[in-house]
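Read the structure below first, then the notes.
The values are calculated or read from the model by the stated rules, or taken from the named source; none is laboratory data. It should be emphasised that the depicted structure is a prediction, and the values quoted were computed from it without experimental measurement. Note that we place each Cβ from the backbone using ideal geometry, even for glycine, and neighbour counts take in every protein chain shown. Heavy atoms of the whole protein, side chains included, go into the accessibility calculation; ligands, DNA and RNA do not. Shrake-Rupley method; radii C 1.70, N 1.55, O 1.52, S 1.80 Å.
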Amino acid sequence: MKLSAVHADAIQELGNIGAAHAATTLSVMLGSLIEMNVPAIKIVDLSQLGNYMGEESAAMVVFELQGDIPHGGYMLFYITRESAVRMTNAILGMTEINRPLSEMDESALIEVGNIMVSAFLDATAELLGFVMIPSPPALTIDMAHAVMQSLIATMQEETNEVLLFSTELVCKEYKIDSDIIMMPERSTLIKIIELLDNMMKSS
């Protein structure tokens, strides 16, 4: 899997637009400013995945990409466990930090992930005219590396590497650090590149 510099820049800008919509959505939910880092695109060999995804416990809301291409890959709303508690405290009006995640916390995280990922995909669909619909969300609380390996094992197209497309969203007021991660199937990535090429030719 290789991306030219032009394609990498175009995909990064696509992610920038989608992540900006997700950041705005989260900002409204928390009533606080959300800072967004420029999306990072990495093509990672599966044997090196552990170098990019930490072993700390985190909450991940997982969506399969569906729509114009069935089984289009995955999107994840990733948030460390500590940040997850801080986020749900802000949403639910609670203050205790050193507490286990309850069913109410988990429901809030699923709802936040669902709203943010939907905002991301709505923005990219509007730009590309290519529909990617998130499946019903599934929440898992585990080490990020383990979850990613499990998802890759279920991808439709056999591969030795994966494209990680990650945007960091930070809320300084509540000390919340989270990520939106996209792992497209090869066919999805090819379609996105084709649409971006068409856009650049027509502009």
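Tabulated data
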{"quantity": "Cα-based convex hull, segment 64-176, per residue volume (Å³, whole number)", "calculated": "120"}
{"quantity": "Simple label model, 7 Å out from Cα along Cβ direction - Arg99 to Ser27, nm", "calculated": "2.9"}
{"quantity": "Accessible solvent surface per residue of segment 1-134, calculated while the other protein chains remain in place, 1.4 angstrom probe, Å²", "calculated": "47"}
{"quantity": "Semi-axis lengths (Å, descending) of the ellipsoid that matches the C-alpha gyration tensor of the chain", "calculated": "28, 19, 15"}
{"quantity": "Segments 96-102, 64-70, 186-192 sorted - mean Cβ within 10 Å per residue, highest first", "calculated": "186-192, 64-70, 96-102"}
{"quantity": "The chain: angle of helix 81-92 to the longest principal axis, Cα-based, in degrees nearest 10", "calculated": "70"}
{"quantity": "The chain - percent of accessible surface contributed by carbon and sulfur, probe 1.4 Å", "calculated": "52"}
{"quantity": "Potential lengthening between Asn37 and Ala125 on full extension [0.36 nm per residue; Cα-Cα distance subtracted]", "calculated": "29.6 nm"}
{"quantity": "Angle between the chain longest axis and helix 186-202 axis [Cα atoms, degrees, rounded to 10]", "calculated": "70"}
{"quantity": "Angle between the chain longest axis and helix 5-30 axis [Cα atoms, degrees, rounded to 10]", "calculated": "30"}
{"quantity": "GluC sites (Glu not before Pro) restricted to DSSP loop in segment 8-55 with at most 14 other C-beta within 10 Å", "calculated": "Glu55"}
{"quantity": "Inter-site label distance for Asn198 and Gln48 at 7 Å from Cα along Cβ, in nm", "calculated": "3.3"}
